1. Applying the selection to the range B:55-65, what residues are part of a helix (DSSP H, G or I) and at the interface with chain A (Cβ under 7 Å from one of its Cβ atoms)?
2. Can we say A:ARG79 is more than 10 Å from chain B (Cβ to nearest Cβ), open to solvent by 40 Å² or more (accessible area, probe 1.4 Å) and away from DNA strand D (no atom under 15 Å from the Cβ)?
3. So for the range A:16-30 (the condition being touching a helix residue (DSSP H, G or I) at 6+ places or on another chain (Cβ under 6 Å), away from DNA strand C (no atom under 15 Å from the Cβ) and part of a helix (DSSP H, G or I)), does at least one residue qualify?
4. For the condition surrounded by 19 or more Cβ atoms within 10 Å (Cβ to Cβ), more than 14 Å from chain A (Cβ to nearest Cβ) and under 48 Å from the mean Cα position of the chain (by Cα), what is the one hit in B:ALA21, B:ALA68?
5. Inside the range B:3-17, can you point out the residues that are farther than 22 Å from A:LEU136 by Cβ and either surrounded by 15 or more Cβ atoms within 10 Å (Cβ to Cβ) or of a type in the set (Phe, Trp, Tyr) (or both)?
6. Restricting attention to the range B:39-52, report how many residues are out of contact with any Ser or Thr (no Cβ under 8 Å at 6 or more places or on another chain) and open to solvent by less than 40 Å² (accessible area, probe 1.4 Å).
7. Write out, first by first residue and then by second, each pair whose Cβ atoms fall under 6 Å of each other, whose residues are 6+ apart or on separate chains, and whose first residue, in the range A:134-160, is within 13 Å of chain B (Cβ to nearest Cβ) and at pLDDT below 90 while the second is assigned to a loop (DSSP other than H, G, I, E, B) and within 16 Å of DNA strand C (Cβ to nearest atom).
8. What pairs come up if the first residue lies in the range A:11-34 and is at positive phi, the second is within 8 Å of DNA strand D (Cβ to nearest atom) and open to solvent by less than 70 Å² (accessible area, probe 1.4 Å), and their beta carbons are under 9 Å apart, counting only those six or more places apart or on different chains?
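The values are calculated or read from the model by the stated rules, or taken from the named source; none is laboratory data. Bear in mind that the values here come from a model prediction, so they are computed numbers and not experimental data. Cβ atoms come from the backbone with ideal geometry, glycine included; neighbour counts cover every protein chain shown. Surface areas here come from the heavy atoms of the whole protein model, side chains and all, with no ligands, DNA or RNA. Shrake-Rupley method; radii C 1.70, N 1.55, O 1.52, S 1.80 Å.
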Number of protein chains: 2
Amino acid sequence: MNIRDLIYLQAIARHGHFGKAAESCNVSQPTLSVQLQKLEADLGVTLIERTKRAAMLTPIGQRVLALAEDALTAVDAIRSITAEASDPFSGQFRFGSIPTISPFLVPDVLRVLGTTFPRLELVFRENITDRLTENLLNGDLDVAILATPPVTSRLLAIPLYDEPLLVIHPIGHNLAELDKLNVSDLPLDQMILLSEGHCFRDQTVDLCRLQSRTTLAETSVTSLETIISLVAAGQGISIVPALAQSSGWLDRPNIGVKPLRSKGATRQLNLTFRKSSPRRVLIEAVAKQISGVLV
Amino acid sequence: MNIRDLIYLQAIARHGHFGKAAESCNVSQPTLSVQLQKLEADLGVTLIERTKRAAMLTPIGQRVLALAEDALTAVDAIRSITAEASDPFSGQFRFGSIPTISPFLVPDVLRVLGTTFPRLELVFRENITDRLTENLLNGDLDVAILATPPVTSRLLAIPLYDEPLLVIHPIGHNLAELDKLNVSDLPLDQMILLSEGHCFRDQTVDLCRLQSRTTLAETSVTSLETIISLVAAGQGISIVPALAQSSGWLDRPNIGVKPLRSKGATRQLNLTFRKSSPRRVLIEAVAKQISGVLV
DNA sequence: TATATTCATAGGCACTGACTATCATAATAA
DNA sequence: TTATTATGATAGTCAGTGCCTATGAATATA
């Protein structure tokens with residue numbers, strides 16, 4: 001059986017005439033004649049009763065036609081949804097980002113992508129790097145904005161932004177007197193860190209060459225917002241990504257901000273996606289737009 | 001697009017693996033690979049995202065698969081109903097007969113056909129010859145039991161029974177004294193006829209060489225049952241088919257029955273059907289069974 | 001690094017669907 | 001009836017397609 005055969009059957013039934021049906025299908029009459037015979041032989045029943053006057057459906061032919069039209073409806077639907085989806089800038093676009101990026105970036109990204117790609121249906125998901133990586137690999141996400149390079153060769157990353165790191169401290173803190181800060185200047189026992197699982201915690205710890213056990217118990221919290229509040233309350237110092245400042249999160253009365261000058265005191269944001277993704281064109285366009293937001 | 005392609009898509013989606021999918025379809029892996037590429041090129045979208053680890057559906061691939069499965073369901077249904085219907089002795093069988101035959105014959109015919117062809121779904125319709133002929137020609141009936149030969153070469157007829165005609169008269173009528181009746185013996189002015197449209201009326205009139213106008217007004221009625229009752233009431237005489245007697249319809253106190261000996265005083269019952277009917281085998285078997293009833 | 005796995009590609013072959021030309025049969029007109 | 005027209009079926013031919021085997025490229029795994 002064949003979709004074409006079903007269309008032929010439908011045409012013959014509609015026209016009641018092989019010649020006219022053939023014309024409507026843009027094929028010759030013998031083609032229809034032969035193909036219908038094959039279909040009937042295949043199914044083992046007579047679908048059309050031929051007369052010199054009219055070609056009419058048998059009872060079983062009517063039932064087959066009804067089902068054939070169901071099938072053809074589904075096939076038409078396939079053609080129609082794929083015709084829409086063949087536009088690379090349409091359809092659902094699922095992207096994720098980590099908690100230390102999303103509050104500073106996602107609102108702008110959603111706005112820009114929404115206007116640049118109006119036919120895209122944007123779906124956003126926030127989670128830690130490991131979860132987002134899983135989502136990427138099993139196809140639940142199209143892209144993720146991460147601050148770490150891909151952990152597997154199945155993923156690719158487009159660099160978005162080399163983000164400086166900042167030290168924040170209470171206004172009265174003695175760091176306030178220094179202009180240019182180095183990691184070696186920091187009183188590491190006063191550092192407030194994010195809890196485990198956050199890649200930004202790992203980066204901070206690596207940078208300071210701390211044993212992660214040293215400060216875990218008392219000073220790890222689950223969000224940058226909490227860290228900022230604690231610093232503002234004079235409970236310690238911390239390192240935060242620069243986007244926090246440009247988003248206005250550090251504009252608090254009791255907080256001092258200093259750039260961190262040490263070598264490697266940046267984190268590289270990138271747009272990560274499956275190497276096998278069929279939406280490469282769209283993803284690269286999206287990366288360009290996000291980079292634009294970050295200028 | 002092609003039904004086979006949809007099956008391949010389904011298999012790849014299920015197995016997440018071209019090789020296994022190919023095995024399940026009993027084709028080689030390159031076949032699947034090439035065919036899916038063609039399908040994707042045809043539709044203009046990527047349906048499957050290929051990895052060395054797994055072949056997974058894209059979002060549009062999932063939507064296409066859902067519709068493909070709708071189509072395949074309909075196709076399976078076609079295969080299943082045609083497999084059933086490929087038995088020539090199954091399915092709906094629509095037959096008709098004229099009013100001057102059905103009361104004597106159809107009950108027995110229904111019983112015999114029902115037991116001989118248990119998978120047949122019998123549908124019966126009674127009407128006059130002209131209507132039944134229309135029904136035959138437009139495909140609303142498979143066969144009809146008629147007492148006249150086909151009016152068009154598009155219909156064929158299998159002879160069933162050469163039915164004698166009988167004269168009925170009131171017991172006290174002077175015909176009662178004659179043993180063998182001829183048409184010339186009949187007092188034609190006392191004849192009660194069926195109304196126009198009934199072929200049996202036409203046969204009777206032809207036989208008696210009456211002008212149909214002569215007796216129309218007073219003595220035409222719409223059923224044989226009425227005729228028999230009128231004769232029983234002494235209102236006239238009539239000619240009835242022999243089956244009326246074997247069915248016991250003439251077993252009434254005041255009715256005398258005499259065979260009509262004239263040449264051509266019979267009517268030939270036959271099973272009429274479209275020459276183009278695809279159910280020739282079944283129809284011939286049915287004719288045989290009806291003939292059996294008539295012995 | 002070597003091996004195994006997986007999907008893609010290339011070349012060859014058989015089958016199928018399409019065409020044109022023609023036939024057989026039936027409906028219609030002369 | 002006989003001639004004409006119309007319809008579906010058949011025959012022969014050819015191009016396209018689906019399938020195969022053999023092989024390649026890229027990745028995962030030992």
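1. Quick first cut of the range B:55-65, residues part of a helix (DSSP H, G or I) only: B:59-65.
B:PRO59, B:ILE60, B:ARG63, B:VAL64, listed by residue number.
2. No: the conditions fail for A:ARG79.
3. no
4. B:ALA21
5. Taking the range B:3-17 first, the residues farther than 22 Å from A:LEU136 by Cβ are B:3-11, B:14-15.
Scanning the range B:3-17 gives B:ILE3, B:ARG4, B:ASP5, B:LEU6, B:ILE7, B:TYR8, B:LEU9, B:GLN10, B:ALA11, B:HIS15.
6. Within the range B:39-52, the first condition is being out of contact with any Ser or Thr (no Cβ under 8 Å at 6 or more places or on another chain), and the residues that meet it are B:39, B:41-42, B:52.
The next check asks that each one be open to solvent by less than 40 Å² (accessible area, probe 1.4 Å); those that pass are B:39.
Of the residues in the range B:39-52, 1 are out of contact with any Ser or Thr (no Cβ under 8 Å at 6 or more places or on another chain) and open to solvent by less than 40 Å² (accessible area, probe 1.4 Å).
7. Hits for this filter: A:ARG154/A:LYS275.
8. From residues that are at positive phi, the pairs are A:GLY16/A:ALA54; A:GLY16/A:ALA55.
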